Amino acid sequence: MSPEPEALELEASAIEATNPAPATPIKTGTVQAQPSLRIHTAPGTNTPVIYAAPNGTQLDIFAETAMGDSVWYQVGSNLSQDVGWAYGGNIVIDGDSTPVTPEQPTTPSPDQGYRDGYKLGYQDGQNFKQYNSGYNPDGALQAGSGNPDPAYDPAYRKGFYAGFDAGYYGNPYNDNPNAGGGTSEPNVDNLTMTCVGSFSNGSRFNRQLHPRVWV
């Protein structure tokens, strides 16, 4: 659903308030708004509201007018004897599959994903340092960005680790994806741990352990 645009000043010749419906509609349409679409006395969100038409209400359309980048329709329905004006972005015209002024979502770029992750990672790094929580970017990141895009999420994670590292160690803020640095996600397949110590009898030991054999 598209929100109603910001209120615009009406010209002196603005259309009058409610009147009986004209005889013949020029087109028909259906309300596409949750939970309802407000029907105004005149075009514009700063005009009085006559009633609210629930989602799915069938509308007769008698006229239309442009206000800036938006379109408003003069409509009637079986909910009122008076006609009113409604924002066209929430009306699907019969024969169309989308609203008159649809807004298609855009997917952020990988570079934007890096910057988003870096910003949050930097803040978390500072907080972990301030509250003596230890260096734990994995615990701070948890589920990642939540964005399923296969390009955005890896970039977000990379940025998060770099930002956490910078924030934790007090380095300057630099969310440039090409700056490098930071801490990358560990590859557990290649990790080893070296344990050095001594037994009770005084003999020394030095062993390398692989995480996959831990129990």
Item to check | Top-ranked residue in the stretch 140-170 [being acidic (Asp, Glu) and either in contact (Cβ under 8 Å) with a residue 60 or more places away in the chain or within 17 Å of residue 108 (Cβ to Cβ) (or both); ranked as surrounded by the most Cβ atoms within 10 Å (Cβ to Cβ)] | outcome: 153
Item to check | Search result, residues across the stretch 121-139 that are closer than 15 Å to residue 158 by Cα and surrounded by 19 or more Cβ atoms within 10 Å (Cβ to Cβ) | outcome: 121, 122, 124, 125, 137
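Restricting to the stretch 23-71, name every residue that is in contact (Cβ under 8 Å) with a residue 60 or more places away in the chain and surrounded by 14 or more Cβ atoms within 10 Å (Cβ to Cβ).
27, 28, 29, 30, 31, 32, 67, 70, listed by residue number.
None of the figures in this text is laboratory data; all of them are computed from the coordinates on show. Computed from a prediction, not measured in an experiment: that's the story for all the values here. Please note: Cβ atoms are built from the backbone with ideal geometry, for glycine as well, and neighbour counts cover all protein chains shown.
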